[in-house]
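Okay, so here's the structure we're looking at.
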Amino acid sequence: MNGTVGILAHGNNHFILSGPVPAEDQALALARHFSLVRIGQPTSSRFDAWHLRDKEFRENLEWAVVVPGDRPLSTPVAELLAELRARNVKIDHLSRGCW
């Protein structure tokens, strides 16, 4: 597993993930996957490279990907992305949403 940690923002939701920076298609699939509740279904091995983090220091975030959603980013996530930008963390803004 890649030791980096980042944020995947999707609309007004976000996920802190350990793993590599996802490519566009991977980010779209991750946003879809983590946005839907799947009770009792196993996680696809397709997502083995990423793991949800319950807690993480914002200083440890090394990448960010923003997937458009049907709602704008929440204020706290927008502020976090501004902090990351000020630290010169690369932020990928995708042009298409996951739905």
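The values are calculated or read from the model by the stated rules, or taken from the named source; none is laboratory data. Here the structure is a predicted model, which means the values were calculated and not measured. Counting neighbours? That spans all protein chains shown, and the Cβs are built from the backbone with ideal geometry, glycine included.
Contact annotation: residue pairs with Cβ atoms under 6 Å, 6 or more positions apart or on different chains, pairing a residue in the range 14-27 that is on the phi > 0 side of the Ramachandran plot with a partner that is crowded, with 17+ Cβ neighbours inside 10 Å, are G19/W50.
Restrict the check to the range 25-47 and report whether at least one residue is of a type in the set (D, E), modelled with pLDDT under 95 and part of a helix (DSSP H, G or I). Before the answer, list the steps.
So the first thing to find is which residues in the range 25-47 are of a type in the set (D, E), and the list is 25.
Remaining after also requiring modelled with pLDDT under 95: 25.
Among the residues that remain, those that are also part of a helix (DSSP H, G or I) are: 25.
Yes, there is a match, as at least one residue in the range 25-47 is of a type in the set (D, E), modelled with pLDDT under 95 and part of a helix (DSSP H, G or I).
Looking at the range 53-79, which of the residues that are in a helix (DSSP H, G or I) and either in contact with a strand residue (DSSP E or B) (Cβ under 7 Å, 6 or more places away or on another chain) or among the aromatic types (F, W, Y) (or both) is farthest from A27 (Cα to Cα)?
N60
Pairing each residue of the range 75-86 that is without any contact (Cβ under 8 Å) to a residue 12 or more places away in the chain with any residue that is surrounded by 11 or more Cβ atoms within 10 Å (Cβ to Cβ), provided the two are 6+ apart or on different chains, yields C-beta distances under 7 Å for R85/I91.
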